[in-house]
Every structure is written in C-alpha cells, then in structure tokens.
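Report on the structure given below.
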Amino acid sequence: MILLNGSSNIDQFNYGICTAGFEFSPFDERILLFETNTDSLIRCAIQCDMTTRCRTFNFDRQTKDCYLYEGDIDSTGSVVVSLSPQSVCGWIKLDMSNFANYGSPCSTCEDSRYLTCINATCQCQPHTFFNGSMCLSQKLNGTGCTSDNQCRNDLNLTCLTNMQCGFSTTTKPLFNCSCLNQTWISTNNRLAQWLFEGNLFDQMNNYNMTSTKPVSYTSSGYNQQAVIFASNNNFTLVTPYMPLSSVSFTIDTWLFITALSNKTTYSIFSLCYQTATDQCLILGIRQSFLYMSFFSDDCLGVTLLKLNTWIHAAFVFDLSTLTKIIYLNGVLENSCSLSSTLSIPTSTNITIGRIPLLSSIYNVTSFQGNIDQMTVSTRVKSSCEILEIATFVAHFTFDNGLFLNDSGPNYLQAITLGTSSFASGRFSQAIAFNGTQHSIFQVSGFTALGTANKPYSISLWLRPISLLGIVVHVSTLSSGTGWCEPFLGFAPNGSFVAQSYCGGVVTVANPTLSIATLVWSHVVQTWSSTNGLCLYVNNVRVTPCLSSANTYDASGAVNLITLGSSFDATTAGCGMGQIDPSPYKGEIDDFRVYSRELSASDVTTLYYNL
C-alpha cells in the first residue's frame, strides 16, 4: 500500500495520511464507530483524535463524509484504491510512550486516551491487547495471531491452530437449520394489509375497505386496536375484487374468537361469486377448526381452536403444486391437494367477516370475535416466514441512533429516557444505560407475553460495566408496577439470572460468572411447558433447565418490557426473586422477543449471527 506523511497541520496531531484516491477498507464493517460530515480533512482527523477508540479514518473532500474506525490500519483492514479520487485515509501514529503507565495505578492514566482503569490498574482499552510495549487492536476473522487475547473475543474469535483468528470448529455450527435471521418481512407481491387501527385503510393504499354498518374497534387488539365482529352487529367489510384467480397466494391474520359451534361455519375472508366449484373462496372456521375451501376440495385444520385468546392463522395456496396449506400460530396444520384452481369473475367483491351469498345457507354465519393485522400477498410465504410473522414479537437493533424502531413484524411502540447511542455495539450501534433508575428503554404491546402458559423467549447482547442490576423488567403498567417482575438481571454476587412466574418467582442462575465486564455476552431466556425455564449464556445452556416451572402464570393483560431498571417500581411491589434491584449500567444490543421457545439451534444462529 502507498503511505505518505501528511501536511504539518496533520502531523502535529501525530497522524499519518495515505495518498489521495485511496481509502481504508476494513476486514469487518463492525469496527466502524460512526459516520459524520465535516468540512475538512483536519477536522475529520481532530474528530478521530477526540474519539477515544478511533485509530483510523476515511475522508472524502468532495462529499465531506468522515468515517471513524476503531481498528489499526495495518491489522484490521487494508488501504485500497477508492472509487472517489477525492478520498483520503488517515491513522493515529502510536508511540510506546502512550502506554508507559500500563499496569500502574489508575491515578497515572486518568487523562490517557490509550489506557483505561480496570481493577485499579491502567489497562488497554476494549478491543485492544498489550504486546509488551503497546496496546494494539485485536485481530479480526482470518488475520494472523499467536494467542487468543490478540483476537476479538467479543466477536467470539480465538487464535486457531493455523495461527489465524477464527471461530473454533468445536463450537461453530457447520450448518444453519433455524428459521431465524432469514429474509421474511418482504412486501413483495403484497396486495393489501389492514392494521385496523381505528380505520379500514389498506397500508398499501390499494384496497381501502367499506362497511355495511358502523364499525366498532377494541383497544385490546393483538397489536393496539382491532375490529370487532359481534353477534349483534352482523356487518360485512367489503373491498373490490383482488386478483386471486389462477395465482399463488397467502392470506394471514390475527384472530380473537369469542364463539364456536361444531354445526356452524364462520367466515373470515371470502371471494365468492357463486356456489359452484372453484368459484367461491372461503377462509374461515368449520367444526371449530381452521377451514379453507374453493367450494370443493375442502381443507380442514387438525387443532381445536380456543376461545378468548389471540391466534395467528395463515392460509396458503401454491399454484405450482395445486396445494392448500393451513398454519396455526406459525405451525403447519394441514396440507391438501387440489385438482384445479380458482376462477372467479373480476366483478366479485372481497368480503371479510361475513359471506352475504351464503349467509342463509350451508350454516355459514358471521365471524364472532376480533380481527387484527390481515395481509394478502400473491405469493407462497415459506413456513419460516409464517413462523416468524406469528411468533417474532419484537426486534430492536438500536442501529444509527434509531432506538425506537422495531424491525419485527408488529412495529411495537417504544420510548427511551436517559440513554445514549454506543458506537461499538455487538452489531453496529447499541444502546447505553448510565446506571440510574430512570435510564430506561421501554416497549409496550406484548400481548402474548401476558398470556398464561404461552411459550416465550427473550434474547439480547449485553456489555456490562458492572455486574449488577435489572436488565429486563416486565410489567403491566408503564411505571414498571402492576403485575411486575424482573426477568433477566444480575444477582448481588454477580451471577446472571433468568426468572419467570410459576406460583411465585422461579429462578435459573449462571453460577460460573461467565459474563465479564466490558465484553459482549449473549443471553437467551426461554420458557415452555415442556422444558420449563431455561437460560443460555454465550451459546451454552445453563444446566439443568428448571423443568418444575412447567406453568407460566402470566399477567392476563398486555405487558410492557423495560430495559435497564424497574423504572418507578419498588422492590416491595414486584417479585424481585434473586435479581439485585439496582439499575443496570452498560450497553445492550440486538434485543429480541419471541412468543415461542427458541431451540438450541435458534440460539446458536443468534449467537453466531448466521
């Protein structure tokens, strides 16, 4: 690579500068601290100088973009020809005098840019290692090493026998058999999506609905509001014809059923021209099972539906195989072969909640209950996609300072107080908590988590500054009170704890103290009636699971999750169990909640970010 000394203005800050038209290309984009915009090369250099962990930067004189990286230029990336002739890269020139106080009492490095106080002595900054004279950047995957401490341990890298940093072959999976981390939230071929948030608008702006009678909504939907179909309103939602003839399609929705009869067929969604084969699409409930029909070749689910609880139903037609497929709560119910496909005139309307043509015959009646979040797509959604839609409740990446953005399927609402963005997250950025009671991140809308005996899983990465306090707190009130309990956190002795509620607070603790300060660790809590309460730390299950906790006595209401503390709740008002009531100080990244029990394969997938 071509390296030149820069101007005297840059030299006074002890920087090196590469030739114009070149740029630093990192081996792993996760060493990017952040991107900013500034008016000159020297200001970009000063910005790096003011950012403790910055060691390398790129600056484009034309766009004024300034990129700051934490890695050393000669070990965590390479200098390459840039697409922009105005690009320049730079780096901090290290000197052994910067590290002369390594190992000395903390008072000798209070103002040091290169050393930090750990256990009362001056030590290297995170993601660096001491080579005997200086703190150098830890190596990335595929780069040379001689010992484990030279590799990015927070990325689960070790020094392998070939003297390169990489994943240990004894622990890294050889394949991925999990549904996680797949592209599932695609809007490809989506015709319509109705959220029923107090209106009948189609989010795609294609098929806004009308109603034959005034519409009522409940605030207790699966996610916020839902439309009510009661026995006394007998109304129909109507929208124009959708092109569902001779195509594959998937229609999925959330249902809260309030009435069932083995002698009645309840209509959910229909495109019905006449009572003839392949000219009347019916999606509904028959004999208390999910039901899909083309007015021939009927397909029935196999699980008896329950009243007064939210369920997810998905109906799929695969044109290539002429197959109907029904899913309940993300799990395959039945698959039925057909002899032909739909053939319905374009003059036919879509009706939801009722089929006027069949209302007086065949024991077909209006749906009884609430409907939320209905989506129609002209493609076959995969089993993984449907499982994720049905059971992936929330996902917060905390990237780019967008703390409040839920990238899961439900777009849950969040607030944050007293937190900040942390540039060196486990994946890109993270959220930082300052260790005070009102430094919190709070999400509302966890309907499934408030349902008794409903499986759940909570996954996150954390980088604690101290091994103390509440990490995940669950409550029915935004104050952290009501039905309330910390689910994840640290015990007073520093061990990490997972808790649930089974006639009282039940606990699984990690006695090995395998979570360290200033290092990213992955934790997953799962519960199911089969396995009870389980805790995974860094892809290792804390054994045994608490199988005696075979019930989950939930709140029976929509829950909130608060990260960082119990907010305004007191220890007297909540079941604290073994978790220390102090607030958490440190960072959190990639926070996920599921309404299913994640498998060991799922945990491995999340751990390695496969």
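One line per residue, one yes/no per condition, for (1) in contact with a strand residue (DSSP E or B) (Cβ under 6 Å, 6 or more places away or on another chain); (2) modelled with pLDDT of 90 or more; (3) not in a loop (DSSP other than H, G, I, E, B):
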site: Cys165; (1), (2), (3): yes, no, yes
site: Ser168; (1), (2), (3): yes, no, no
site: Phe175; (1), (2), (3): no, no, no
site: Thr183; (1), (2), (3): no, no, no
site: Ser186; (1), (2), (3): no, no, no
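I'm trying to understand the selection: among the residues of segment 103-123, which are closer than 20 Å to Ser133 by Cβ, over 38 Å from the mean Cα position of the chain (by Cα) and outside any loop (DSSP other than H, G, I, E, B)?
Pro105, Thr108, Cys109
I'd like to verify a number: residues in segment 358-388 that are buried (at least 16 other Cβ atoms within 10 Å of the Cβ), aliphatic (A, V, I, L, M) and under 23 Å from Gln279 (Cβ atoms), how many?
Of the residues in segment 358-388, 5 are buried (at least 16 other Cβ atoms within 10 Å of the Cβ), aliphatic (A, V, I, L, M) and under 23 Å from Gln279 (Cβ atoms).
This table checks each residue for (1) under 29 Å from Ile118 (Cα atoms); (2) hydrophobic (A, V, I, L, M, F, W, C); (3) at pLDDT 95 or above; (4) in the same structural domain as Leu417 (by TED's automatic domain parsing).
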position: Leu467; (1), (2), (3), (4): yes, yes, no, yes
position: Ser475; (1), (2), (3), (4): no, no, yes, yes
position: Asn493; (1), (2), (3), (4): yes, no, no, yes
position: Leu518; (1), (2), (3), (4): yes, yes, no, yes
position: Thr530; (1), (2), (3), (4): no, no, no, yes
position: Asn539; (1), (2), (3), (4): yes, no, no, yes
position: Ser547; (1), (2), (3), (4): no, no, no, yes
position: Gly573; (1), (2), (3), (4): no, no, no, yes
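Going by the structure shown, is Ala276 among the aliphatic types (A, V, I, L, M) and within 30 Å of Asn205 (Cβ to Cβ)? Break it down into steps so the answer makes sense when it comes.
Details: among the aliphatic types (A, V, I, L, M): yes; within 30 Å of Asn205 (Cβ to Cβ): no.
Here the answer is no, as Ala276 does not meet what is asked.
Give the number of residues within segment 129-162 that are of a type in the set (S, T, N, Q) and closer than 15 Å to Arg30 by Cα.
Here is the first cut: in segment 129-162, the ones of a type in the set (S, T, N, Q) are 131, 133, 137-138, 141, 143, 146-147, 149-150, 153, 156, 158, 161-162.
Then keep just the ones that are closer than 15 Å to Arg30 by Cα; that gives 137-138, 141, 153, 156.
Looking only at that region, the number is 5.
Can you find even one residue in segment 559-574 that is under 15 Å from Tyr536 (Cβ atoms) and surrounded by fewer than 20 Cβ atoms within 10 Å (Cβ to Cβ)?
Step one: of segment 559-574, the residues under 15 Å from Tyr536 (Cβ atoms) are none.
Taking every residue of segment 559-574 in turn, none turns out to be under 15 Å from Tyr536 (Cβ atoms) and surrounded by fewer than 20 Cβ atoms within 10 Å (Cβ to Cβ).
Looking only at strands (runs of 3 or more DSSP E) that lie completely in segment 1-59, which have at least 1 residues being at pLDDT 75 or above and more than 28 Å from Ser420 (Cα to Cα)? Talk me through it step by step, then tell me what you get.
On the way: elements: 15-18, 22-26, 32-37.
Per the criteria, 15-18, 22-26.
Could you list, ordered by first residue, the pairs with Cβ atoms under 6 Å in which the first is in segment 364-387 and closer than 16 Å to Leu319 by Cα and the second is basic (Lys, Arg), at least 6 apart or interchain?
Note: pairs meeting the criteria are Ser377/Arg190.
Looking only at segment 192-208, decide whether some residue is at pLDDT below 85 and either surrounded by fewer than 14 Cβ atoms within 10 Å (Cβ to Cβ) or among the β-branched types (Val, Ile, Thr) (or both).
no
Hey, does segment 241-255 have a residue that's at pLDDT below 95, crowded, with 16+ Cβ neighbours inside 10 Å and part of a strand (DSSP E or B)?
Scanning segment 241-255 turns up no residue that is at pLDDT below 95, crowded, with 16+ Cβ neighbours inside 10 Å and part of a strand (DSSP E or B).
Output the number of the condition that Ile282 fails; it satisfies all remaining conditions of (1) surrounded by fewer than 16 Cβ atoms within 10 Å (Cβ to Cβ); (2) in contact with a Ser or Thr (Cβ under 6 Å, 6 or more places away or on another chain); (3) β-branched (Val, Ile, Thr).
Result: Ile282 passes all but (1).
Matching residues to (1) closer than 18 Å to Leu462 by Cβ; (2) free of Cβ contacts under 8 Å to residues at least 60 places away in the same chain; (3) among the acidic types (Asp, Glu); (4) in a loop (DSSP other than H, G, I, E, B):
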| residue | (1), (2), (3), (4) |
| --- | --- |
| His522 | yes, no, no, no |
| Val542 | yes, yes, no, no |
| Cys545 | no, yes, no, no |
| Asp553 | no, no, yes, yes |
| Gly577 | no, no, no, yes |
| Asp580 | yes, no, yes, yes |
| Leu598 | yes, no, no, yes |
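Consider segment 456-491. How many of its residues are touching a strand residue (DSSP E or B) at 6+ places or on another chain (Cβ under 9 Å) and either over 20 Å from Thr416 (Cβ atoms) or surrounded by fewer than 20 Cβ atoms within 10 Å (Cβ to Cβ) (or both)?
Of all residues in segment 456-491, those touching a strand residue (DSSP E or B) at 6+ places or on another chain (Cβ under 9 Å) come to 456-478, 480-491.
Adding the requirement that they be either over 20 Å from Thr416 (Cβ atoms) or surrounded by fewer than 20 Cβ atoms within 10 Å (Cβ to Cβ) (or both) leaves 456-457, 465-468, 476-478, 481-483, 485, 490-491.
Counting residues in segment 456-491 that are touching a strand residue (DSSP E or B) at 6+ places or on another chain (Cβ under 9 Å) and either over 20 Å from Thr416 (Cβ atoms) or surrounded by fewer than 20 Cβ atoms within 10 Å (Cβ to Cβ) (or both) gives 15.
Answer yes or no as to whether Thr526 is out of contact with any Pro (no Cβ under 8 Å at 6 or more places or on another chain), part of a strand (DSSP E or B), polar (S, T, N, Q) and assigned by TED's automatic domain parsing to the domain that holds Gly494. It would help to see each step written out before you state the result.
Details: out of contact with any Pro (no Cβ under 8 Å at 6 or more places or on another chain): no; part of a strand (DSSP E or B): yes; polar (S, T, N, Q): yes; assigned by TED's automatic domain parsing to the domain that holds Gly494: yes.
So Thr526 fails the test.
Considering (1) polar (S, T, N, Q); (2) within 12 Å of Leu488 (Cα to Cα); (3) modelled with pLDDT of 90 or more, say which one Asn510 fails and leave the rest.
Of (1) polar (S, T, N, Q); (2) within 12 Å of Leu488 (Cα to Cα); (3) modelled with pLDDT of 90 or more, only one is false for Asn510: (3).
If we keep just the residues of segment 299-315 that are more than 16 Å from Phe249 (Cβ to Cβ) and either buried (at least 21 other Cβ atoms within 10 Å of the Cβ) or not assigned by TED's automatic domain parsing to the domain that holds Gly221 (or both), which is nearest to the chain's Cα centre (by Cα)?
Going through segment 299-315, the residues more than 16 Å from Phe249 (Cβ to Cβ) turn out to be 300-312.
Now restrict to residues that are either buried (at least 21 other Cβ atoms within 10 Å of the Cβ) or not assigned by TED's automatic domain parsing to the domain that holds Gly221 (or both): 301, 310, 312.
On the way: Gly301: 30, Trp310: 21, His312: 19 Å.
Once the filter is applied, the top-ranked residue is His312.
Scan segment 276-298 and tell me whether some residue there is within 28 Å of the chain's Cα centre (by Cα), closer than 19 Å to Gln193 by Cα and touching a residue at least 60 places away in the same chain (Cβ under 8 Å). Give the derivation first.
Here is the first cut: in segment 276-298, the residues within 28 Å of the chain's Cα centre (by Cα) are none.
No, segment 276-298 has no match at all.
Quick one: which of Cys109, Cys122 is surrounded by 18 or more Cβ atoms within 10 Å (Cβ to Cβ) and farther than 29 Å from Arg43 by Cα? Walk me through how you get there before you give the answer.
Numbers: Cys109 fails: farther than 29 Å from Arg43 by Cα.
Step by step, each of Cys109, Cys122 is checked, and only Cys122 is surrounded by 18 or more Cβ atoms within 10 Å (Cβ to Cβ) and farther than 29 Å from Arg43 by Cα.
For the subset of segment 394-412 comprising residues that are aliphatic (A, V, I, L, M) and more than 8 Å from the chain's Cα centre (by Cα), which member is modelled with the highest pLDDT? Step through it out loud before you land on a result.
First pass over segment 394-412, keeping only residues aliphatic (A, V, I, L, M): 394, 402, 404, 412.
In the following step, the residues that additionally are more than 8 Å from the chain's Cα centre (by Cα) were identified as 402, 404, 412.
Numbers: Leu402: 74, Leu404: 89, Leu412: 94.
Within segment 394-412, the match that is modelled with the highest pLDDT is Leu412.
The values are calculated or read from the model by the stated rules, or taken from the named source; none is laboratory data. Quantities reported herein were computed from a predicted structural model and do not represent experimental measurements. Reconstructed Cβ throughout: ideal geometry from the backbone, glycine too, with neighbour counts over all protein chains shown.
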